[in-house]
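Below is one structure, written out as structure tokens; comments come after it.
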Amino acid sequence: MHFTDFLKTTVLLMAGEATALGAIAIVTAATSGETFVLVQALAFITLAGIAGALAGRRTKAGTGISTLLADARTESALPPIEPASILVNRLWPLAPYVLLFAGASFVYPQVTGIGAAFLIFQALAWRKQEKAVTAIEERDGARFYVVGGSPFRRIQLVRTVGMRRVTSLNGAP
């Protein structure tokens with residue numbers, strides 16, 4: 001699976017799960033008549049959105065992603081393209097996370113709001129990482145792919161030869 005597609009999917013999945021958790025927190029707080037809890041959940045979600053937007057302003061690749069790109073092994077052939085198995089293998093921790101916080105909403109709706117806030121923060125903080133990786137791919141003339149492996153091990157990337165982007169021809173700007 002192409003690494004930028006993996007990053008986009010991760011951000012969209014976290015944003016979708018944050019939306020679901022936020023809706024659950026708001027509905028359970030509203031139906032139980034706890035207005036203070038509702039205000040608390042909305043405040044956490046708003047603060048996380050602002051903090052995530054500020055954290056995600058950088059267009060450079062983050063430290064973890066830079067390390068992954070630097071440690072990628074070079075191959076001349078494409079690795080097996082298995083997006084479904086790679087996504088399930090790598091993003092499975094999001095499912096128990098959401099189930100745990102959704103289950104907690106019936107007792108503590110504000111905890112579900114905090115869980116939604118964390119996912120919103122992460123999604124907004126990671127939103128430009130795929131553009132940073134795309135810029136590196138265009139600059140170096142390479143493509144990075146996620147290789148399938150154990151879900152309990154660090155993600156491994158493979159660097160393949162791609163097409164270098166030509167910004168000028170014959171010295172013209």
The number of residues in region 13-61 that are outside any helix (DSSP H, G or I) and of a type in the set (Asp, Glu) is 1
Counting only residues that are outside any helix (DSSP H, G or I) and open to solvent by 40 Å² or more (accessible area, probe 1.4 Å), region 1-12 contains a total of 0
Contact list, first residue from region 57-73 and within 14 Å of residue 146 (Cα to Cα), second anywhere and part of a loop (DSSP other than H, G, I, E, B) and open to solvent by 20 Å² or more (accessible area, probe 1.4 Å), beta-carbon distance below 7 Å, six or more apart or interchain, is 68/155
Residue hits (region 67-80; hydrophobic (A, V, I, L, M, F, W, C) and surrounded by 11 or more Cβ atoms within 10 Å (Cβ to Cβ)) are 68, 69, 72, 78
Just one listed residue, out of 106, 121, is open to solvent by 60 Å² or more (accessible area, probe 1.4 Å), in contact with a Gly (Cβ under 6 Å, 6 or more places away or on another chain) and of a type outside the set (D, E, K, R), and it is 121
Next on the checklist: Among the residues of region 116-127, are any β-branched (Val, Ile, Thr) and either under 20 Å from residue 12 (Cα atoms) or touching a residue at least 60 places away in the same chain (Cβ under 8 Å) (or both)?
Outcome noted: yes
Of the residues in region 74-90, those that are in contact (Cβ under 8 Å) with a residue 24 or more places away in the chain and over 15 Å from residue 154 (Cα atoms) come to 74, 75, 76, 77, 78, 79, 80, 81, 82, 83, 85
Cβ pairs under 7 Å, 6+ apart or interchain, first in region 19-33 and within 13 Å of residue 104 (Cα to Cα), second in a loop (DSSP other than H, G, I, E, B) and not hydroxyl-bearing (Ser, Thr, Tyr), ordered by first then second residue, are 28/106
Does any residue of region 59-73 turn out to be of a type in the set (Ser, Thr, Tyr) and more than 19 Å from the chain's Cα centre (by Cα)?
no
Flagged pairs (Cβ under 8 angstrom, 6 or more apart or on separate chains; first in region 132-148, touching a residue at least 12 places away in the same chain (Cβ under 8 Å); second of a type in the set (Asp, Glu) and open to solvent by 10 Å² or more (accessible area, probe 1.4 Å)) are 143/137; 144/137; 148/82
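The values are calculated or read from the model by the stated rules, or taken from the named source; none is laboratory data. These numbers were taken from a predicted model, which means no experiment stands behind them. All Cβ positions, glycine included, derive from the backbone under ideal geometry; neighbour counts span all protein chains shown. Accessible surface is based on the protein model in full, side chains and every heavy atom, while ligands, DNA and RNA are left aside. Shrake-Rupley method; radii C 1.70, N 1.55, O 1.52, S 1.80 Å.
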